[in-house]
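K.L.:
The structure under discussion is supplied below as structure tokens; questions concerning it will follow.
The values are calculated or read from the model by the stated rules, or taken from the named source; none is laboratory data. No experiment lies behind these values; they were computed from the predicted model shown. FYI the Cβ positions are ideal-geometry reconstructions off the backbone, even for glycines, and counts take in every protein chain you see. For the accessible areas, the whole protein counts, side chains as well, though only heavy atoms, and no ligand, DNA or RNA atoms are used. Shrake-Rupley method; radii C 1.70, N 1.55, O 1.52, S 1.80 Å.
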Amino acid sequence: MEYEGIDIVNGVRTTGNDQHSGLAAHFTNSGSYIRISTHPDGIPPVDSNREVNNPFESFGFCDDYTISFWVKRVPSIPGPYTLLSKNTVKRVARHNPVNGTEFVDEIHEPPAIGQNFDNHRTPFAIGVIPNTDDTVSYRFHASNGSTSVHLSGSAITTTGDEATAWDHVLIRNSNSNVQMYLNGDQVASDILPKGKLGNEYDIM
């Protein structure tokens, strides 16, 4: 795992027992990120035909999985912006005639989270679009490179109140039926596109 511009802070504020639960990653600037590599230790195999056994590749049409996280709104931050995705950066091995094998990052520019993902293969891209009032729209995309599914839902948060500034986002796929939950309520569902959804990009 790699990261940049991250402070570890108190986690979500709970009600009932008024306290913080766990820890959270505070993204301190626009260049902040957490990166989970597709490859062990972040190093891809030199043999591109070699199979890579990685649990983060299990997000296909027939895989049952759940993605769940908390996110805290910050006032006056423009959007839309991506929260969690697997479609932006990958590390590849290249042969350099002077220095031998080198490992470099290839950057892909996916669509903005509010745009169409039909032509951009990804098992998931999850983002948020802030609105002018106290609501935000969360978006989920999955695509096989020619067709995509898009789920969306809105949540009301109060940015000035620590107890209600957090949203819980959950994506669940079961028997190819993918569902979105916001703060415990199901807000959307659809069928994942058939075919390959996985790619070689890291989770960001």
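K.L.:
Two decimals is fine: what's Rg over Rh for segment 72-204, C-alpha atoms, Kirkwood radius as Rh? Mind showing how you got there, number by number?
P.N.:
Working: Rg = 17.4 Å, Rh = 16.3 Å.
Checking Rg against Rh, the ratio lands at 1.07.
K.L.:
Amide H neighbours of HIS120 under 5 Å, counting only residues 5+ apart in sequence or on other chains, H built in-plane at 1.01 Å?
P.N.:
Residues meeting the criterion, in which the H sits 1.01 Å from N, are GLY145.
K.L.:
Let me ask you something else. Taking θ = phi - 60°, what integer Hz values does the Karplus form 6.51 cos²θ - 1.76 cosθ + 1.60 yield along segment 165-182, in sequence order, with x for Gly and Pro?
P.N.:
Here the 3J(HN,Hα) series is 7, 9, 10, 9, 10, 9, 10, 10, 10, 9, 6, 6, 8, 9, 10, 10, 10, 10 Hz.
K.L.:
Now a separate question. Cross-link candidates for LYS196: which lysines have Cα within less than 28 Å, leaving aside residues fewer than 8 places away along the same chain?
P.N.:
Here the lysines satisfying the reach criterion relative to LYS196 are LYS86, LYS90.
K.L.:
OK, next. Arrange the residues ARG91, ARG35, ARG172, ARG13 by how much accessible surface each exposes, largest first, with a 1.4 angstrom probe. List each step's numbers first, then the result.
P.N.:
Details: ARG91 45, ARG35 15, ARG172 95, ARG13 70 Å².
Sorted by accessible area, descending: ARG172, ARG13, ARG91, ARG35.
K.L.:
Evaluate the distance, in nm, between pseudo-label points positioned 7 Å from the Cα of LEU170 and of TYR3 along their respective Cα→Cβ axes.
P.N.:
Roughly 2.4 nm, to one decimal.
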